[in-house]
1. Hey, could you check region 116-134 for residues that are of a type in the set (Asp, Glu) and in a loop (DSSP other than H, G, I, E, B) and say which is surrounded by the most Cβ atoms within 10 Å (Cβ to Cβ)?
2. Please verify whether region 98-105 includes one or more residues that are surrounded by 20 or more Cβ atoms within 10 Å (Cβ to Cβ) and of a type in the set (Ser, Thr, Tyr).
3. Has region 3-25 got any residue that is farther than 29 Å from Asp149 by Cβ and either β-branched (Val, Ile, Thr) or in contact with a strand residue (DSSP E or B) (Cβ under 7 Å, 6 or more places away or on another chain) (or both)?
4. So, in region 144-158, exactly how many residues are under 11 Å from Arg121 (Cβ atoms) and surrounded by 13 or more Cβ atoms within 10 Å (Cβ to Cβ)?
5. Exactly one of these conditions fails for Ala79: (1) among the aliphatic types (A, V, I, L, M); (2) out of contact with any His (no Cβ under 9 Å at 6 or more places or on another chain); (3) crowded, with 16+ Cβ neighbours inside 10 Å. Give me its number.
6. Go through Ala33, Ala73, Ala10 for me and flag whichever is more than 17 Å from Val124 (Cα to Cα), crowded, with 19+ Cβ neighbours inside 10 Å, in contact with a helix residue (DSSP H, G or I) (Cβ under 7 Å, 6 or more places away or on another chain) and of a type in the set (Gly, Ala, Ser).
7. Please work out which one of (1) closer than 25 Å to Asn11 by Cα; (2) part of a loop (DSSP other than H, G, I, E, B); (3) small (Gly, Ala, Ser) is the condition Ala79 fails and give its number.
8. Please work out if Leu137 is surrounded by 15 or more Cβ atoms within 10 Å (Cβ to Cβ), of a type outside the set (Ser, Thr, Tyr), modelled with pLDDT of 90 or more and on the phi < 0 side of the Ramachandran plot.
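The values are calculated or read from the model by the stated rules, or taken from the named source; none is laboratory data. On a predicted model such as this, the values are computed, not experimentally measured, just so you know. Glycine gets a Cβ as well: all are built from the backbone with ideal geometry, and neighbour counts include every protein chain shown.
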Amino acid sequence: MHVATLGLGANLGDRLRSLQSAVDLLAAEGVRAVASSRVWETEPVGGPPNQPPHLNAVIRTETEAGPHEVLAACNHVEAELGRTREVRWGPRTIDIDVLLYDELVVNEPALTIPHPRITQRAFVVLPLLELDPDPVLADGTRILDFAVDGEGARPYAPPLVLP
């Protein structure tokens, strides 16, 4: 069994329902959440101006799927929940990022693990710290060694319901 840590985000429609639906649909794809951070509300980072705020959570999953299959499952769930990719960092019904996968390091055009901006985003770091108070990446990088501006990030809801 493998452990994949995923970042979830949504800023269109029923944001909280989208996050929960993603957890449920991922389980049906063989990527079962075993832990969830609280849900955080954050202001958008990058992308076009005047976007609504995001809801974000980080989930730890167990799966027999390999990293590319986990990415495919994430993409399938995004499509099922109406995700379109018209504008980079634009508004979205759901976004699912593979943050970590076991102790694996992958650097390919379609998949980078650890996620390349994992240490730069409060909407990833704050929920991730709820699942692991001192996470260390496969390359030895300690998340706590990076200062992340948590301003504008606020707890919004309890952890997502696990399948």
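1. This residue is Asp132.
2. yes
3. No, region 3-25 contains no residue that is farther than 29 Å from Asp149 by Cβ and either β-branched (Val, Ile, Thr) or in contact with a strand residue (DSSP E or B) (Cβ under 7 Å, 6 or more places away or on another chain) (or both).
4. Qualifying residue count, region 144-158: 3.
5. The number of the failed condition is (3).
6. Selected residue: Ala73, the only one of Ala33, Ala73, Ala10 that is more than 17 Å from Val124 (Cα to Cα), crowded, with 19+ Cβ neighbours inside 10 Å, in contact with a helix residue (DSSP H, G or I) (Cβ under 7 Å, 6 or more places away or on another chain) and of a type in the set (Gly, Ala, Ser).
7. Among (1) closer than 25 Å to Asn11 by Cα; (2) part of a loop (DSSP other than H, G, I, E, B); (3) small (Gly, Ala, Ser), Ala79 violates only (2).
8. No, not satisfied.
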